[in-house]
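**Student:** Once you've had a glance at the structure underneath, I'll fire off some questions.
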Amino acid sequence: MKKLFLFIISVMFSMQIFSQINADTIISNDKNKLRVQVLYFHITDRCNTCRSIEANVRKTIDAYFQKELKSGELDLYILNCELQKNDSLVKIYDAYGATLAITPCVKGKAGKIEDITTWAFQKVHNSDVFLSELKEKIEKYIK
Amino acid sequence: MKKRFLNNQIILLLISLIVISSCNSNQDNKKDLNQDDLSAKKTKNTALSKDMQQQLDTSIRDSSTVNASVQKKEEKPKVIIYNFHLTNRCLSCRAIEMATEKTLQTYFAKEVKEGRVKIEILNVDDDANKDIAEKYEASGSALFVTRIFKEKETIKDLTGEGFKFARTKEARFIELLKKQIEEYLKIK
């Protein structure tokens with residue numbers, strides 16, 4: 001009985017971790033379909049503003065780009081820049097703290113990175129403006 | 001008798017010649033003296049006028065230097081760094097303030113003393129800062145470098161750079177901020 005209980009707990013725990021990974025980054029990595037990548041980097045000790053930026057990014061994609069996310073036209077990355085596994089992306093995006101960037105992709109080739117960190121910190125406290133302006137920024141790469 | 005008279009006549013003529021010549025030489029001397037006086041006076045006058053000219057030149061130069069320095073003082077650009085924050089501050093936000101202050105202490109101590117570089121740390125939740133926060137559209141943590149020159153303001157938003165580097169790559173952030181301030185302090 002005790003063993004079964006421990007087994008259930010461990011299964012639940014592993015499922016939670018698994019779902020967390022899925023929630024962090026949503027990528028299909030289909031090079032033929034991929035049109036745009038949205039990346040948000042954060043540090044381990046996060047503040048409310050940093051969490052709000054992530055929440056607003058997710059809201060924008062949920063509201064306007066669900067279809068593109070499912071089809072693989074859009075990839076979303078939420079990454080801790082202090083984790084070693086993210087080192088290569090951190091270097092590419094020069095993201096050593098909270099960083100929001102959009103990268104257009106054509107036939108698997110990444111285009112010029114658009115760093116919108118300053119914009120994100122400016123608009124984060126006005127959710128409606130954040131959502132509509134980020135929508136426009138992403139749309140121009142998908143069209 | 002006649003011969004003696006002739007001799008006397010010659011002697012008298014000679015004496016008179018000597019007297020006349022000596023008189024002439026005196027006059028010449030006097031003339032020379034007068035000329036010396038004149039030339040001395042001239043030299044003196046020239047020296048005086050030179051002195052006066054020099055003094056005039058110096059005074060003109062001084063006044064122009066004063067004018068130039070006043071103009072220079074007027075012409076020097078000022079830099080104000082606005083560091084906005086919320087009441088509840090996170091580590092990154094505090095790191096931006098610390099790194100900014102470190103930059104000023106390390107590289108711009110003289111300019112800070114002269115009042116040419118200033119830092120304003122402002123809480124956006126405070127009503128007293130409402131107007132300035134609205135002007136900069138700062139609703140949370142933000143960092144702006146403002147240049148004021150000839151009544152014209154130029155603003156550089158370094159919020160993104162602050163959040164990207166201030167906490168984990170402080171030296172890089174300091175270098176970025178230093179370059180921006182140096183650029184804004186240049187007269188151009």
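Just so you know, all these numbers are worked out from the coordinates, no wet-lab data involved. Please read all numbers here as calculations on a predicted model, not as lab measurements. Positions of Cβ are backbone-derived with ideal geometry, glycine not excepted, and every protein chain shown enters the neighbour counts.
**Student:** List pairs: first residue in segment A:96-124 and away from chain B (no Cβ under 14 Å), second residue aromatic (Phe, Trp, Tyr) anywhere in the structure, Cβ distance under 7 angstrom, at least six positions apart or on different chains.
**Tutor:** A:Pro104/A:Tyr141
**Student:** Something else about it: Given the structure, is A:Lys85 more than 13 Å from every other protein chain (Cβ to nearest Cβ) and not in a helix (DSSP H, G or I)?
**Tutor:** So A:Lys85 fails the test.
**Student:** Please enumerate the residues belonging to segment B:168-186 that are basic (Lys, Arg) and within 10 Å of another protein chain (Cβ to nearest Cβ).
**Tutor:** Matches in segment B:168-186: B:Lys169, B:Arg172.
**Student:** Return the residues of segment A:104-143 that are assigned to a loop (DSSP other than H, G, I, E, B) and either farther than 19 Å from A:Phe41 by Cα or touching a helix residue (DSSP H, G or I) at 6+ places or on another chain (Cβ under 9 Å) (or both); say none if nothing qualifies.
**Tutor:** A:Lys107, A:Gly108, A:Gly111, A:Ile113, A:Ile116, A:Val124, A:His125, A:Asn126, A:Lys143 - these are the residues of segment A:104-143 that are assigned to a loop (DSSP other than H, G, I, E, B) and either farther than 19 Å from A:Phe41 by Cα or touching a helix residue (DSSP H, G or I) at 6+ places or on another chain (Cβ under 9 Å) (or both).
**Student:** Here is a follow-up. Mind listing just one residue for me: the one in segment B:143-167 that is away from chain A (no Cβ under 14 Å) and touching a residue at least 60 places away in the same chain (Cβ under 8 Å) and, of those, farthest from the chain's Cα centre (by Cα)?
**Tutor:** Residue satisfying both the conditions and the ranking: B:Thr146.
**Student:** Does segment B:95-107 contain any residue that is crowded, with 17+ Cβ neighbours inside 10 Å, within 14 Å of chain A (Cβ to nearest Cβ) and in contact with a helix residue (DSSP H, G or I) (Cβ under 6 Å, 6 or more places away or on another chain)?
**Tutor:** For segment B:95-107, residues crowded, with 17+ Cβ neighbours inside 10 Å, within 14 Å of chain A (Cβ to nearest Cβ) and in contact with a helix residue (DSSP H, G or I) (Cβ under 6 Å, 6 or more places away or on another chain): present.
**Student:** Ok, one more. If you go through segment A:29-51, how many residues are under 13 Å from the mean Cα position of the chain (by Cα) and crowded, with 16+ Cβ neighbours inside 10 Å?
**Tutor:** 8
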